[in-house]
1. Taking the Cα centre as origin and putting +1 on Lys and Arg beta-carbons and -1 on Asp and Glu beta-carbons, what dipole magnitude results for the chain, to the nearest 20 debye?
2. Could you derive backbone 3J(HN,Hα) for the range 222-227 from the dihedral phi with the Karplus parameters 6.51, -1.76 and 1.60 (θ = phi - 60°), listing whole Hz in sequence and x where the residue is Gly or Pro?
3. Under 15 Å from the Cβ of GLY154, count the other residues' Cβ atoms, weight Lys and Arg +1, Asp and Glu -1, and hand me the total.
4. First select every other residue whose beta carbon is under 14 angstrom from the beta carbon of ALA29; then total the charges, Lys and Arg +1, Asp and Glu -1.
5. Just going by the charge dipole of the range 18-250, with Lys and Arg at +1 and Asp and Glu at -1 on Cβ, which of PRO149, ALA159, ASN176 is farthest out on the positive end?
6. Normalising by the residue count of the range 18-250, find the relative contact order in percent from Cα pairs under 8 Å and 6+ residues apart.
7. What would the Debye formula give as log10 I(q)/I(0) at q = 0.06, 0.11 Å⁻¹ for the alpha-carbon point model of the chain, no solvent?
8. In Å and on Cα atoms, what radius of gyration and Dmax does the range 138-261 show?
Amino acid sequence: MSISTETRGVPALDLKAQYRSIRDEIDEAVARVIENQGFILGPEVANLEAEIAAYCEVPRAVGCASGTDALLLPLMAWGIEPGDEVVTSPFSFFATAGSIHRAGAKPVFVDIEPETYNIDPSLIESAMTSKTRAIIPVHLYGQTADMDPIVAIGRKYGAKILEDAAQSIGAGYKGNRAGSIGDAGALSFYPSKNLGGFGDGGMVTTRDDKLADRIARLRVHGMEPKYHHHEIGFNSRLDALQAAVLRVKLRRLDDWTARRREAAERYRELFAEQTLDEVVSLPTEKESCFHVYNQFVIETTDPADRDPLRSFLSERKIGSEIYYPIPLHLQLCFASLGHGPGDFPVAESAAKSVLALPMYPELDRELQIEVVSAIADYFDQS
Ligand SMILES: *Cc1c(COP(=O)(O)O)cnc(C)c1O
């Protein structure tokens, strides 16, 4: 398939298109907050918390300053401390392991499944020790980890389960929403997430009232009531402006998710029309999972193709991204954990061959044809 000379280019993500579609409502919500001059917590945040709790099918949700803090706060509230261990995936955004370290504990990595890039439940038990206090499965790219065996191991060893659902709001596992399966879930409202604010923001979801109350206190320096400090927390409040924006967007989220899933389906059709299955593989959608496609991630069969393909796309003004080029166990800052290449081979191999293609609700067929034809052209010339 050849490409027309007049290509529009395709960004990896197009937030302007989303804003254009809801501009009036967003501007009105922002103006309402400005009119009231109530910027910290308050009714916008409380309403968003109730709406997110209902959306994620949990009794409680507590807003905080970022997805990173939404991971840190439950660990703090569970009293995790130096000497403790927390099991997680080495193939995630840095915050997953970073927040374990911030809480004072040691991240213990367990390799991933090659098809879903999520933590491999069959390898978790051998990583459990008497020091393991929690397991953080990451629902990567919009698909949940295989939660049943993870929850069972958590119960057996008395370890809490914290779902890193930063990329997966609205995703499902056997009919349950991401963030409602473990003891707590962490959401991020970073602009590129499926529900993205106009800046940073995050939220913890949980069925545990006591945990929610404690997190609500930790996010305001452990204070309750005013100027009485029960414990030392920090400042991790969610802005009312962010909450007002997010409340408008939350009403569209199911529609946007449906459109992401349609775009994923169209990618599959367009790839099938080309004969590219020998050179690239497409994301696996598990039957037990409802995938919300925060990312549509392909793999090049030959890892040597990944970076040249990315440059080729970039020359055609097609955006793509590598999530993530360096697994967490090989990050310099974790050198003291003593890991080296070969420790988590599946994560290391994924890091060399994954490539996230443009994915957002407004992505249309024309743009996708441009992406897939460019990929076909790359392999034709090579
Ligand atoms: C985005 C993200 C986070 C952190 O969220 P921030 O809001 O950027 O702090 C944590 N884990 C994963 C898997 C993420 O993708």
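1. Values: 39 positive and 56 negative charges, 263 e Å.
Charge dipole of the chain: 1260 debye, to the nearest 20.
2. Karplus values, whole Hz, x for Gly and Pro: x, 9, 5, x, 3, 6.
3. On the way: positive: LYS131, ARG133, ARG155, LYS156, LYS160, ARG207; negative: ASP84, GLU85, GLU125, ASP146, ASP148, GLU163, ASP164, ASP183, ASP208.
Result for the neighbourhood of GLY154: -3.
4. Details: positive: ARG23, ARG32, ARG247, LYS249, ARG251, ARG252; negative: ASP24, GLU25, ASP27, GLU28, GLU35, GLU44, GLU51, ASP239.
Taking every other residue near ALA29 into account, the sum is -2.
5. So the residue we want is ALA159.
6. On the way: 520 pairs, mean separation 60.4, N = 233.
After rounding, I find 26 percent.
7. Values, matching the q order: -0.23, -0.78.
8. Radius of gyration, then largest Cα-Cα span, for the range 138-261: 15.9, 48 Å.
Values in this text are rule-based calculations from the coordinates and carry no lab data. Computed from a prediction, not measured in an experiment: that's the story for all the values here. Cβ atoms come from the backbone with ideal geometry, glycine included; neighbour counts cover every protein chain shown.
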